[in-house]
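Written out below as structure tokens is the structure these notes cover.
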Protein chains: 2
Amino acid sequence: MILAEITTEERILEAAMKVFTRRGFAATRTEDIAKEAGINRTLLHYYFRDKQTIFNLIFETRFKEFFKGLFLIFEADNISLFDKIRRMVDHEITMLTKHPDLARFIITEVAHNPQLLIEYGTKLGMNPRVLKQSFEDLVAREVNDKTIKPIEGRQLLMNIMSLCIYPLVAKPIILTMMNVDERTFSQMMEQRKEEVSEFIINAIKK
Amino acid sequence: MILAEITTEERILEAAMKVFTRRGFAATRTEDIAKEAGINRTLLHYYFRDKQTIFNLIFETRFKEFFKGLFLIFEADNISLFDKIRRMVDHEITMLTKHPDLARFIITEVAHNPQLLIEYGTKLGMNPRVLKQSFEDLVAREVNDKTIKPIEGRQLLMNIMSLCIYPLVAKPIILTMMNVDERTFSQMMEQRKEEVSEFIINAIKK
DNA sequence: TCAATATTTGACACAGTTGTTAAACAAATG
DNA sequence: CATTTGTTTAACAACTGTGTCAAATATTGA
């Protein structure tokens, strides 16, 4: 086995990532993962105990992917609110465009099993309340200084997340309803990277 | 069987609605539906052929629930853009707050089987393109008249939908991440009915 | 009360999924 | 070449879920 090549173990994880993310835990068959990886089911158990074990590995990775960058921006200090918004929007849309099924996957799995959020959240050392608080404080300060219109930090945060995440979550619906192809959709998302930040800033600036 | 009482058939459909909406098709067991309805599995097959039949009935109902009101507003004539936005936002948030799992259900089922959207869309006589076009025309006119900042109709539409729908879709995540209880969440959604329209209008008005 | 209808029980066949095992085979590595 | 490691094949047991059926029982309406 040459080092530069990807190992079978990685191929399996890669395949599991695809299938689990597309179909979710319940609808995924281990056979589907094996087929996607180009191996058979026995080999899958040779490397990993069972379906649940693989899922946990995948979920941890994808969970991190979904939240990590965002929390880095939350933490970032000495950045103006508007710049923070610009960074968040750009990061979220860029990341989700690269992984179009990621948000839907995380949301539906957490909806089916809310415990996952607690478990992997703490496992990755996230402290939502502290980080969220820092953003809410930042917003409250700007409101107080009357540099932006009055708005609650958590409502603004929800708005930012909504505008970035929803289009990807609802992508299968949007493609049909708006009658656009994959290529056009990508262009629309590209366009949003700029426009959404300005949309938000226009909405709140005085 | 007294007429005023709900029939067993209705009890089953009611139960199926709850379970399917919460868990989706793949993760739902007919046993779960029977238990939720307080009857046994055999009776379920006595009234309905099979799981798929029940699912189709449920999906059609919920699909209509999700899209109907929105399309009515789309169609509505002689309404200013801003009023149309206000109506859409109010309707969407009100409807989704009443049915918190509805949006996630429709989105995930359509993501698993895009054909559903085509099938039930045409079945219910929706013509997305025509309706969407009327909205895009309205926006284009306002942009042309320079009464609002330049924005594509479809981007604006996506923004409106995002701001209304995402918070409900991501509710299980938001509850934990923002550390709020059901009651507080409801209040936040109530607040959004007013604030989101104004947020949008501020974002686009000149 | 009688007959029709609704509901439960228990059993069953069938299909699908999961996880395991033994044996054979292939590839790579010393 | 001999050995280890990776992989496939085939078969299997256990379990779960679906759909069906016959018989027994309960409920209702005529």
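Tabulated values for the structure
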read-out	value
Sequence-separation-based contact order of region A:31-118, relative, with Cα cut under 8 Å and 6+ spacing, percent	22 percent
Descending semi-axes in Å of region A:67-131, equivalent ellipsoid built from Cα gyration tensor	23, 17, 8
Peptide A:20-26, shielding by other chains (average Cβ, 10 Å cutoff)	3
Label point 7 Å beyond Cα along the C-beta direction, distances from B:T42 to other copies (nm, shortest first)	4.3
Fraction of accessible area attributable to carbon and sulfur, the protein assembly as shown (%, probe 1.4 Å)	50 percent
Normalised contact order of region A:1-48, rounded percent, pairs of Cα under 8 Å and 6 or more residues apart	36 percent
Under-5 Å amide H pairs with A:A170, H placed in peptide plane, nonlocal only	none
Per-copy distances of the A:Q115 label point, shortest first, in nm (7 angstrom along Cα→Cβ)	3.6
Table column - 3J(HN,Hα) (Hz), region A:39-45, Karplus curve with 6.51, -1.76, 1.60, x for Gly and Pro	10, 9, 4, 4, 5, 5, 6
Average other protein chain Cβ within 10 Å of Cβ, residues B:102-111	5
Nitroxide proxy distance, nm - points 7 Å out along Cα→Cβ at A:K206 and A:K98	3.9 nm
Projected-area mean, region A:1-48, by convex hull of Cα positions, square nanometres	3.4 nm²
Per-residue mean of C-beta atoms belonging to partner chains within 10 Å, peptide A:175-188	3
Region B:26-74: trypsin sites (Lys or Arg not before Pro) falling in loop per DSSP and having at most 15 other Cβ within 10 Å	B:R29, B:R49
Label point distance in nm, A:Q52-A:L124, each placed 7 Å from Cα along Cα→Cβ	2.2 nm
Axial C-alpha extent at least 30 Å, average Kyte-Doolittle at least 1.0 - helices from chain A (DSSP)	none
Over 27 Å [Cα-Cα, the protein assembly as shown], rounded percent	55 percent
Distances in nm from B:T7 to the matching label points in the other copies, shortest first (labels 7 Å along Cα to Cβ)	6.1
For A:K205, distant residues with modelled amide H under 5 Å away	A:K149
Mean ellipticity per residue at 222 nm, deg cm²/dmol - from DSSP H runs of n ≥ 4 across chain A, formula -39500 (n - 2.57)	-25500 deg cm²/dmol
Protein accessible surface hidden between B and A, which excludes ligands and nucleic acids, total in Å², probe 1.4 Å	4900 Å²
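The values are calculated or read from the model by the stated rules, or taken from the named source; none is laboratory data. Since the model is a prediction, treat every value here as computed from it, not as a measurement. Neighbour counts are summed over all protein chains in view; Cβ atoms, including those assigned to glycine, are modelled from backbone coordinates with ideal geometry. In case anyone asks, the SASA skips ligands and DNA or RNA and just uses the protein heavy atoms, side chains included. Shrake-Rupley method; radii C 1.70, N 1.55, O 1.52, S 1.80 Å.
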